[in-house]
Every structure is written in C-alpha cells, then in structure tokens.
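Heads up, the thing below is written out as structure tokens.
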Amino acid sequence: MKRSLGAKTLLFPTPVLLVGTYDRTGKPNLMSAAWGGICCSKPPCVAVSLRKATYTHGCIVERKAFTVGIASESTLVEADYCGIASGRDVDKFAVTGWTAVKSDLVDAPYAAEAPVVLECRLLHTTEIGLHTQFIGEIIDVKGDPAALGEEGQLDIMKIKPLVYDTAHHGYHGVGPRLAQAHSVGKQLIRKQG
C-alpha cells in the first residue's frame, strides 16, 4: 500500500532551466528555475513558473520575452549560482564568466555556454498562487554543434542535462536510453489481439 506524503511539489525529474531576460536598463540576467517544461506542441510553447518576488519575473513582464537554456553537467556550479543569487544585486554573467548573447529573434539574452537555448515570445501569463506561469511561444531552438547527433538532432547524452530532485534538493544527470518511445509499448497491443 502506498503511503501519503501530502500535497507537495514532488515530480520526477524536473529540468534545470536557465531563464534569460533583460531588465529595464538592458542588463542581461539569468535565473535557474525548475518549475517548467513544454506545455504545447502547436504552437510550440514552454512554460516557466516564477515567484513574483524574483527579479526575472518583473523582467519578463517588462520585456514580453525570455529565453530558456538547458543547464548541463558541465554548467552545474554556474547554474546553481544563478538560482541562489539575485540579478537585483549582482551581474550573474560577470560572476559566472559566461557570455551574454543577444537573441536576434526576441528581446532577451542567453548564455553562450548553455548547449541548448529556446528563444521565446511571451504568449500568456497565468497567476496560479505563489507563482506566475509564463507561457512562451518558442520562436527558435538553438543547439551547439557538439550537442547534435549524427542525424543533426539534439542528442540528450551529448547535452548531459541537469535534472533537479525536488524531494532532496539535489542535482542529477541522465542515463542511457532504455527503449524507443511510442514503440516499446506495442508489445502489449499485440497481446490484446
């Protein structure tokens, strides 16, 4: 029998996302966030949920755009820093040594060091409670050549994305592929017939 743990934010895994914005003076900023993910296929959209108290929240409201970088194992220290320091107080790009790249498609920056970046135009804002969910239409996805596989698509094992353990507040990597999605379950369909 399963044991009740109560109403908590326990979902596994959650991504470690680097949300890029400009403030009203044009200073680039990055925030690490774990409350986010793909939320629509057509148009392609990603959602990030941020507390109103965060500096990034006000920047997205002001600029109507943001980027979402994928944090990788090689960016662990910098990604964690971007989640514990505030852009109100520090220049996170200067402290991390990362390079701010101005998107040519949306009014937001991203870190050149992130292996994958989604450039997003703010589409919807939903007040949920403590958090505001920002839904961004993905205008473009940019990937480092080193993150691409033989077929020219992003390769999760080359990206080595960080995932966040909400129960223990830790970071983990991803393991090898286990099976082909939308295929391995067909063996149960064959059993039905």
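The values are calculated or read from the model by the stated rules, or taken from the named source; none is laboratory data. Quantities reported herein were computed from a predicted structural model and do not represent experimental measurements. Positions of Cβ are generated from backbone atoms using ideal geometry, with glycine treated the same way; all protein chains shown enter the neighbour counts. Just so you know, the surface numbers come from the protein's heavy atoms only, side chains and all, with ligands and any DNA or RNA stripped out. Shrake-Rupley method; radii C 1.70, N 1.55, O 1.52, S 1.80 Å.
Quick one: compute the contact order of the chain, relative version, from alpha carbon pairs under 8 angstrom and 6+ residues apart, as a percent.
23
Along its three principal directions, the equivalent ellipsoid of the stretch 16-131 from the Cα gyration tensor extends over semi-axes of 20, 16, 14 Å, largest first.
Computed with a 1.4 Å probe on the full set of protein chains, the accessible area for Lys102 sits at about 130 Å².
Protein heavy-atom surface of the chain, 1.4 angstrom probe: 57% of the accessible area is carbon and sulfur, with nucleic acids and ligands not counted. Using the 1.4 Å probe convention, the accessible area of the chain works out to 59 Å² per residue with neighbouring protein chains retained.
For the chain, excluding the exposed loop sites themselves (GluC sites (Glu not before Pro), DSSP loop, at most 10 other Cβ atoms within 10 Å), the longest remaining stretch covers 1-149. In this structure the amide hydrogen of Gly87, modeled in the peptide plane, comes within under 5 Å of the amide hydrogens of Tyr55, none closer than 5 places in sequence on its chain. Counting only heavy atoms of the protein chains and using a 1.4 Å probe, Ile60 has close to 0 Å² of accessible surface. Using just its DSSP H runs of length 4 or more, each adding -39500 (n - 2.57), the chain gives a mean residue ellipticity at 222 nm of -4500 deg cm²/dmol after division by all residues. Between Leu5 and Gln187, the contour length at 0.36 nm per residue exceeds the alpha carbon distance by 62.1 nm. Computed over the Cα atoms of the stretch 82-193, the ratio of the radius of gyration to the Kirkwood radius (Rg/Rh) comes to 1.05. Normalised size of the stretch 61-119, defined as Cα radius of gyration per 2.2 N^0.38 Å with N residues, equals 1.10. Partner lysines whose Cα lies under 20 Å from the Cα of Lys27, excluding those fewer than 8 positions away in the same chain, are identified as Lys52, Lys64, Lys92, Lys102.
Between the stretch 44-69 and the stretch 160-193, the C-alpha centres lie 28 angstrom from each other.
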